[in-house]
Structures are given as C-alpha cells and as structure tokens.
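Bear in mind that the values in this text are calculations on the coordinates, not laboratory data. Predicted, not measured: the structure shown is a model, and the values here were computed from it. With ideal geometry, Cβ positions are generated from the backbone for all residues, glycine too; neighbour counts draw on all protein chains shown.
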Amino acid sequence: MNLANQLVINRNNRPNKICLIQNNRRITYDDLYKKVSNFKKYIEQRGIKKGDKVLVLAPMSVDLYVTLLSVWALGATVCFMDAGFIKNGMKKNEFDDINAVIGISKYILYSNINKNLRGLKIKINTSVIEKLNEESLLENQEVDKDFPAIMTYTSGTTGKPKIAARSHEFLECQANILQKHLNYESEDIELSSIPIFTLSNIDIGITTVIANANFSNLGSSNSRKLINQIIENKINRLMAAPGVLNLIINFCLKYDITLSNIKKVFTGGGAIFLDFIEKLKKVCPNAKIYTLYGSTEAEPIAELDIDEMTFKYYEDTKNGKGILAGNIIGVDDCRIIKTGVNEIGSITEEEFKNMQTDEVGEIVVTGSNVLKGYVNGIGDKENKFKVNDKIYHRTGDLGLIDENNKLWLRGRIKEPYFNIEACLHAKLKIGKTAIFKYNEKLILVLEKSDFNTLEEIKDAISFAKIDEIKYVKKIPVDKRHSTKVDYKELKRILGME
C-alpha cells in the first residue's frame, strides 16, 4: 500500500485536469506526477531512503504536496509541524530520530536552533523542485498498511510533545469518509486553507486553489488577493477555517461584494457562532453551508448542515445550550462521560456505562478514523482508554448529545463557556468575546467598540453567573488562526499576569 499510488491513477485517468493552483502556478495531475517523480529521485540521490523520517518544514503550497507525495513514494515518513509554531517547536522538541529536513529557506534556518537537527547532513530546500525537469517514471515503494505516512508534532510545551502518527491506511480511510460526507462533484474548484483536506482532494481528483494567505500570521493576509483568487479561478467551493473566512467576509461586506458562484462552504477548526454564519450567508447567498467538528486524532466527528438549524435550535442556542455541531459522522461511536475522571485505562462495558452522563460531559470517540495511540505511548494514559477491545479517544472537549442524537459543544474542559458566548452572538450584534476564570471569578471581556449596554448583555446571559465584565480596545487572537483568543496576552493587557 502507498498513498502515492493514487497519484499514478489520477495521472492516467485525468492527466490534463488542473490539480493545484497557487497564485500563477497551475499544476495538472500530469505535472504533479512529473514533479513528484523527479523530486523523489532527487531526494533519494541525496540519501533519503525507505523507512526514514523526514521533517517537512513548508507552508501550504504546491511544493508542500510535491514533497509529501515524494517522501511517501520513497517509502519514508513525513514528520510535520504546523507553520504557525515551527520556530517555537524547534526549541521545544527533541527530534532525536529525524533523518533529513526538507523545507523553505527560513524554516531550514530555524532547524539550526535544535541541537539534534543542527548537524543533519541531509537538508534540502524545496526551491529545487522547480529546477528538476527530467522525464522519469514514478515507482512507489510498497509499505505496510499500518506504516506511518505522517507524524504530526505538537508545539512541545512540556519538552515531551505528543506525536500523532497516521498510517497510509488511516489517511485513506479518512479520505473515504470525507468523500462520503463532503458532497464532491467532479467539476468542483475548491479554495482550501486546510492541508489535510487538500490531500483528500488530490486523492479524489478535483481541483484545489491554495488560499493566498499567510498561514503563520493570518491577520497579515491580504483579503483583496483572496477575493481575486475566488473570482478569477471561478471557485465554487470554500474549505477554510473561520479565520480565513473572516478575511473574505469582512472584505466583501465592506465593499458590498457578493460571491454568488459559491455553491458549498465547509468550515471548522474553531468556534462557529450564529452571527458569523449569518454574515457568511450574506456574502455567499447561493451556498450550502456546513460546519465540521473534529481534531487531529479524529476527523471528522460531527457535521452540521446549516439548513437543518430549526427555530428550536436557534432558541436552544440563545438559552445557553452551546454550539450545535450537528450529526455525528465518521466515528463508529461517540459518548459523553462525566468530567473529573483522570486516567481511565482498561475498563468493562458496564464500567463504561457507569461513567457516562446524559448531561454535559467530555466527548469520547472510537472508530477507524480515530487515532488509537501516540508515538512511544506519550499521551496515551491521559487521552486514551480501552473498553473490551475498542480504544476510545478523549477529545478534551465538553459537550452533550441531545434527544435527536445531535452533538452540542461547550468548549474545552478548562474553558467550558461556548454556551455563554454562543448565546451572546445569537442574541446581540456583538464583536469579539472572551471568557475565563480568574481568582475564582468568571470574567467576560468585550471590546470597547461594542455598543450593547451592560443591561442588555446581562439580560442576554441571565442564565450564567458572570462576576465581572471588562472592556479592552481589542481582544488579542493567536496569529495562526486569527480567531482563537490569546488568553495569555489578554490577561497581560488586563494586568492579571
């Protein structure tokens, strides 16, 4: 088995179809095949061999996918870090078993920060990909179905990060699930900002336009370029995190632009509030809108077709039920267990039933698209448990399953306030919100530009016990997502650090 085999099939079936578009680069499936065959041959000559672990340090780009497929074709494993924390990750991770580094110039320089990467003999710049023009046959090394295709490193805040290893079989299973639920059509042209979904697109054989955004600092991106991409490439699907969609939405609303060609929008990776959805509908009036809930360890877990948002669900949101994630998909089983449980280990079905709750609790899942463990077992005790022969993953998210078997989200276990924020966003035209506990007090933070009165805010969330409401000029967000609140910086601004 080898995921790169599908590229050979797609090259034979649709050689002239555009596979990837990045700015002015338009790459057909035949072009991609040639680039992968050439680069695979080049990195093999440089010394990378089957079974090696290759740290790939490149942002979302054509060259990233050429690199991934080339490393897979060689029978090696791609070790991957999100562009948003590569520099920090170089300092925190040990990387004691990496055989080579492939990436852009800046990130290769970052690798010199790490003592175990500094002396590596094989460091390859992705800029060489455009210089390789030989005709060569792509011969893929067959690997076991459970051989790791991708190892994803966390930011390593403890010095011993969790490493998620996803096999060729796991990724193929994930792609099949996504095909089933994401309603692809052969002529779709999708703007994407989510790397793993673009891999699925390449596998399926549709066209992906890589969003023209700065993925390590999303707020610095040029919204006009994104809109031009959508119009010039006749894009009819958007697959993007809320931060990228916000760039598109805010620009379009400011300049009264309607993207009538968009037929489907998929978004996830952050809290999706109802006022965000309403703005998205104004910008893309002809689009079916879907939200996705999942994680690195389990993708997808739930999907919501916004057209299924009945009056009751709107009212439930306004009354503090949380964020509706929708129908449970992809996973074989999704349960809610009581909070406050530490390591679970191996338990019986009866013990598992006793841990479950019909109210709000931690979301746990199992299935073929759910990661069964981490590399070297680091993180397994805290995040995995076994019920008879099934391994469940603890998401660390709070939620509940309603009487219609739909999943609702309340946020992370340590920050379970989605229900308060979702209510505010559903009832009031409100800006950015943030909620956290400090000295046993629940603090709600709003931006000074918000025009709602304190009485309106308190009345809207009368079900919640907010101890203090504070205002700042601008609530800080993390650079990578441009939507998730940077609570450390926010507390510093408020003088709480």
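In the stretch 441-484, which trypsin sites (Lys or Arg not before Pro) are in a loop and have at most 12 other Cβ atoms within 10 Å, using DSSP for the loop call?
Numbers: sites: LYS441, LYS448, LYS458, LYS465, LYS470, LYS473, LYS474, LYS479, ARG480, LYS484; in loops: LYS448, LYS465, LYS473, LYS474, LYS479, ARG480, LYS484.
Qualifying residues, ordered by number: LYS448, LYS465, LYS473, LYS474.
Is the shape of the stretch 428-493 best called rounded, prolate or oblate, per the rule: a/c under 1.5 gives rounded, else a/b larger than b/c gives prolate, else oblate, with a ≥ b ≥ c the square roots of the Cα gyration tensor eigenvalues?
Numbers: a/c = 2.00, a/b = 1.32, b/c = 1.51.
Since a/c reaches 1.5 but b/c is at least a/b, the shape of the stretch 428-493 is classed as oblate.
Which FRET efficiency, nearest 0.05, do LYS390 and ASN5 yield, Cβ-Cβ r, R0 22 Å? Please list the in-between numbers first.
Details: r = 30 Å, r/R0 = 1.36.
Rounded to the nearest 0.05, the efficiency is 0.15.
Quick one: Karplus J couplings for the stretch 70-79, per residue in order, coefficients 6.51, -1.76, 1.60, θ = phi - 60°, nearest Hz, x for Gly and Pro?
For the stretch 70-79, the Karplus curve yields 5, 5, 5, 4, 7, x, 9, 9, 8, 9 Hz.
Where a Cα-Cα gap under 17 Å defines reach, which lysines qualify for LYS353, not counting those fewer than 8 residues away within the same chain?
List returned: LYS338, LYS384, LYS386, LYS390.
Loop-only check: which chymotrypsin sites (Phe, Trp or Tyr not before Pro) in the stretch 196-299 are DSSP coil with at most 13 other Cβ within 10 angstrom?
Values: sites: PHE197, PHE215, PHE251, TYR255, PHE266, PHE273, PHE276, TYR290, TYR293; in loops: PHE215, TYR255, PHE273.
Sparse-neighbourhood loop chymotrypsin sites (Phe, Trp or Tyr not before Pro): TYR255.
Quick check: Cα centre of the stretch 438-485 to Cα centre of the stretch 75-116, how many Å?
Cα centroid of the stretch 438-485 versus Cα centroid of the stretch 75-116: 37 Å apart.
Mark the label point 7 Å from the Cα of GLU489 along Cα→Cβ and return the residues of the stretch 436-478 whose backbone N is within less than 15 Å of it.
Answer for this model: 472-478.
Among the listed pairs LYS321/LYS406; LYS281/LYS429; LYS91/LYS484; LYS282/LYS427; LYS92/LYS441, which have their C-alpha atoms separated by more than 21 angstrom in this model?
Working: LYS321/LYS406 12 Å; LYS281/LYS429 16 Å; LYS91/LYS484 23 Å; LYS282/LYS427 18 Å; LYS92/LYS441 33 Å.
As for pairs spanning more than 21 Å Cα to Cα, those are LYS91/LYS484; LYS92/LYS441.
So who's got an amide H within less than 5 Å of the one on LEU57, skipping anything under 5 residues away but keeping other chains? H placed 1.01 Å off N, in plane.
ILE102, GLY103, ILE104
Per residue of the stretch 183-196, what does 6.51 cos²θ - 1.76 cosθ + 1.60 with θ = phi - 60° give for ³J(HN,Hα)? Whole Hz please, x for Gly and Pro, Karplus curve as stated.
These are the phi-based 3J(HN,Hα) values: 6, 6, 10, 4, 9, 5, 10, 10, 7, 10, 10, 10, x, 5 Hz.
Of all GluC sites (Glu not before Pro) in the stretch 267-355, which ones are in loop regions per DSSP and have a Cβ with at most 13 other Cβ atoms within 10 Å? Walk me through the intermediate numbers first.
Numbers: sites: GLU278, GLU297, GLU303, GLU308, GLU315, GLU343, GLU349, GLU350, GLU351; in loops: GLU297, GLU343.
Counting only loop positions with at most 13 other Cβ atoms within 10 Å, the GluC sites (Glu not before Pro) in the stretch 267-355 are GLU343.
What does the charge add up to near LYS437, with Lys and Arg as +1, Asp and Glu as -1, over the other residues with Cβ less than 15 Å from its Cβ? Could the numbers behind the result be given before it?
Working: positive: ARG410, ARG412, LYS414, LYS441, LYS465, LYS470, LYS488, LYS491; negative: GLU415, GLU421, GLU440, ASP467, GLU468, GLU497.
So the surrounding residues net to +2.
Based only on other Cβ atoms within 10 Å, what is the fewest-to-most ordering of LEU238, LEU120? Mind dumping the intermediate values first?
Numbers: LEU238 28, LEU120 17.
If I rank by nearby Cβ atoms, fewest first, I get LEU120, LEU238.
Would you give the gap between the C-alpha center of the stretch 49-69 and the C-alpha center of the stretch 140-214, rounded to a whole Å?
So the two Cα centres are separated by 13 Å.
Kindly write out, for the stretch 259-268 in residue order, the coupling ³J(HN,Hα) from the Karplus curve 6.51 cos²θ - 1.76 cosθ + 1.60 (θ = phi - 60°), rounded to whole Hz, with x marking Gly and Pro.
Each residue of the stretch 259-268 in turn: 9, 6, 7, 6, 9, 9, 10, 10, 9, x Hz.
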